[in-house]
Amino acid sequence: DYAVGMERWPAVERVLAFEAHAEAHTALAELAVRNQVGAKIEQRGLCDCSELSLALNRPNETLVVVDIEGGESILLDPHMVPALREAALLVEMHDCFLPGLGPLIERRFSQSHDITRIDARTRTLDDLPSGVKDLPSFLCGAALAALDEGRPPGMYWLLMLPHVGSANK
């Protein structure tokens, strides 16, 4: 889960994780405990524009990671959530569910952010952590299967960093 992975970064003070599906809360809590980061992760339910506005009390010190299967079109609106203009964002785009979503989000943030597109790619054995790269050949297929996240073709992320030195308002 993104929340546990983010919390493992030394500079991260806390993670606020929104998850609409209640059954996922138990799994996230268990994963956080196993990775010894449970105390720093606060879980909440569905995130709407109002909840996001409240959560962005220090937007210029915040990274917003978004994976909401097309809901980006509603949640990521700087007119509804002005603090987004000052926050860094990493957004998994779902044009496969909502055609034209990526260009819409890029237009919304083009005046306030530098935007980089990161395309999904086929994973290779070089993507494995260094401690497990020397696998016996009969395990290589299983290792690649473990790296495969089952993303549909054309998946990508937008990394959006606020322009340096501008008010973004």
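Coordinate-derived values only; no laboratory data. The shown structure was predicted, so the numbers you read here are calculated from the model rather than taken from an experiment. FYI the Cβ positions are ideal-geometry reconstructions off the backbone, even for glycines, and counts take in every protein chain you see.
A few comments on the model shown:
- Environment charge of Lys133, counting only residues whose C-beta is closer than 12 Å and scoring Lys/Arg +1, Asp/Glu -1: -3
- Neighbour net charge for Val81 - beta-carbon separation under 11 angstrom, K R +1, D E -1: -2
- Unit charges on C-beta of K, R, D, E only; dipole of the chain, Debye: 380 debye
- Debye-sum result for the chain in log10 I(q)/I(0), which assumes one identical scatterer on each alpha carbon, at q = 0.13, 0.15 Å⁻¹: -0.75, -0.98
- Other-chain or far-sequence residues with amide H under 5 Å of Met93's (modelled H): Tyr156, Trp157, Leu158
- Candidates Asp148, Asp48, Asp134: whichever shows maximal mean-square fluctuation once the chain is modelled as a Gaussian network with Cα springs under 10 Å: Asp134
- Karplus-based coupling profile of segment 114-129, in residue order and whole Hz: 8, 10, 10, 8, 10, 7, 5, 9, 5, 7, 10, 4, 5, 7, 5, x, with θ = phi - 60° in 6.51 cos²θ - 1.76 cosθ + 1.60 and x standing for Gly or Pro.
- Taking the square roots of five times each eigenvalue of the Cα gyration tensor of segment 30-128, the equivalent ellipsoid has semi-axes of 23, 22, 14 Å, listed largest first.
- Amide H within-cut-off set for His113, under 5 Å, with H built and near neighbours excluded: His163
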